[in-house]
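**Student:** What follows is a single structure, and I will ask about it in a moment.
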Amino acid sequence: MQREIVLASGSPRRKELLARIGVPFRVQTSDVDETVDLPLSPDQVVEELALRKGRVVAARCENALVIGADTVVVYQGEIMGKPADQREAAQMLGELSGKEHQVYSGIALLTVNQGKITGEVVSHRMTRVWMRSLTPEKITWYVNTKEPLDKAGAYGIQGLGACLVDRIEGCYFNVVGMSLALLDEMLSEVGFSIAQD
């Protein structure tokens, strides 16, 4: 039975990433509440939110592989969300300047057969990122580009924010929003081969 692949994310970055591996898919956003009340670790948070997004979209599918994903930036054990405004973006970048932080991305892969969820696979990756020491002028320049405003941790490594990052340890695509290597592993686990399907 032919299953469609559905990306349960409105993120343009995840859409670009999935397109890179040549898999035909459609996008269906979940619009779920992303608040997490329980005292969860960052890896549990991204897995929980990825699964939550995937389940909402999977409930509206007939025969599909649904991909849910979530990414958080963690600095000194605290999750950094998206900045509310330019002032908060500058504050976040000031905190990250010259220091290491971690980026966690969770992926949930849900199998839907005849309108029912018949399988769920959930995992995550963590990448360590070292930010350069940033001058106030560099922070002001970057914030004024407006690029950081819709991104966790107030920067995008795939855009102008690449100028701010000194080095990373781990999967680059994980920092962008979804580890393609992890996704490929998970697709193989449910019997879907990028090379054949």
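**Student:** In region 22-39, how many are open to solvent by 50 Å² or more (accessible area, probe 1.4 Å), modelled with pLDDT under 90 and out of contact with any strand residue (DSSP E or B) (no Cβ under 8 Å at 6 or more places or on another chain)?
**Tutor:** So the count comes out to 7.
**Student:** So which residues in region 105-160 are among the polar types (S, T, N, Q) and not in a strand (DSSP E or B)?
**Tutor:** The answer is GLN114, SER133, THR135, THR140, ASN144, THR145, GLN158.
**Student:** I'm told THR127 meets every condition in (1) open to solvent by 50 Å² or more (accessible area, probe 1.4 Å); (2) closer than 27 Å to PHE25 by Cβ except one. Can you identify the failing condition by its number?
**Tutor:** (1)
To keep it simple, each residue is scored yes or no on (1) surrounded by fewer than 16 Cβ atoms within 10 Å (Cβ to Cβ); (2) at pLDDT 95 or above.
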position: ASP85; (1), (2): yes, yes
position: GLY94; (1), (2): yes, yes
position: THR118; (1), (2): yes, yes
position: SER133; (1), (2): yes, yes
position: ASP150; (1), (2): yes, no
position: ALA154; (1), (2): no, yes
position: CYS171; (1), (2): no, yes
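**Student:** Something else about it: Suppose the filter is open to solvent by 10 Å² or more (accessible area, probe 1.4 Å), without any contact (Cβ under 8 Å) to a residue 12 or more places away in the chain, aromatic (Phe, Trp, Tyr) and more than 18 Å from GLU47 (Cβ to Cβ); does TRP141 pass it?
**Tutor:** Yes.
**Student:** Continuing with the same structure: What residue, among those in region 98-140 that are of a type in the set (Lys, Arg) and over 30 Å from ALA58 (Cα atoms), is farthest from the chain's Cα centre (by Cα)?
**Tutor:** Filtering region 98-140 for residues that are of a type in the set (Lys, Arg) and over 30 Å from ALA58 (Cα atoms), the one farthest from the chain's Cα centre (by Cα) comes out as LYS138.
**Student:** Output the residues belonging to region 173-193 that are in a loop (DSSP other than H, G, I, E, B), free of Cβ contacts under 8 Å to residues at least 60 places away in the same chain and not polar (S, T, N, Q).
**Tutor:** GLY191
**Student:** Name the pairs whose Cβ atoms lie under 7 Å apart, with the first residue in region 161-172 and in a helix (DSSP H, G or I), the second surrounded by fewer than 16 Cβ atoms within 10 Å (Cβ to Cβ), and 6 or more positions between them or separate chains?
**Tutor:** Hits for this filter: LEU164/ARG132.
**Student:** Does at least one position in region 103-112 carry a residue that is open to solvent by 20 Å² or more (accessible area, probe 1.4 Å) and over 14 Å from ALA69 (Cβ atoms)?
**Tutor:** To start, the set of residues in region 103-112 that are open to solvent by 20 Å² or more (accessible area, probe 1.4 Å) comprises 104.
Cutting the leftovers down to over 14 Å from ALA69 (Cβ atoms) gives us none.
No: zero hits.
**Student:** Right, here's the next one. Within region 50-67, is there a residue that is open to solvent by 10 Å² or more (accessible area, probe 1.4 Å) and under 11 Å from SER123 (Cα atoms)?
**Tutor:** Scanning region 50-67, I find at least one residue that is open to solvent by 10 Å² or more (accessible area, probe 1.4 Å) and under 11 Å from SER123 (Cα atoms), so the answer is yes.
**Student:** Just for region 71-80: of the residues that are open to solvent by less than 40 Å² (accessible area, probe 1.4 Å) and out of contact with any Leu (no Cβ under 7 Å at 6 or more places or on another chain), which one is nearest to LYS53 (Cα to Cα)?
**Tutor:** Only one residue fits best here, namely THR71.
**Student:** When only residues in region 1-10 that are open to solvent by 20 Å² or more (accessible area, probe 1.4 Å) and in contact (Cβ under 8 Å) with a residue 40 or more places away in the chain count, which is farthest from ILE79 (Cα to Cα)?
**Tutor:** Once the filter is applied, the top-ranked residue is MET1.
**Student:** Further question on the same structure: Scan region 74-86 and give yes if some residue there is within 13 Å of the chain's Cα centre (by Cα), part of a loop (DSSP other than H, G, I, E, B) and either among the basic types (Lys, Arg) or more than 18 Å from LEU149 (Cβ to Cβ) (or both), otherwise no.
**Tutor:** The answer is yes; a qualifying residue exists.
The values are calculated or read from the model by the stated rules, or taken from the named source; none is laboratory data. For clarity, every value in this text was computed on a predicted model and none was experimentally measured. Heads up, the Cβs are rebuilt from the backbone with ideal geometry, glycines too, and the neighbour counts pull from every protein chain shown. Heads up: the accessible areas ignore ligands, DNA and RNA and are worked out on the full protein's heavy atoms, side chains in. Shrake-Rupley method; radii C 1.70, N 1.55, O 1.52, S 1.80 Å.
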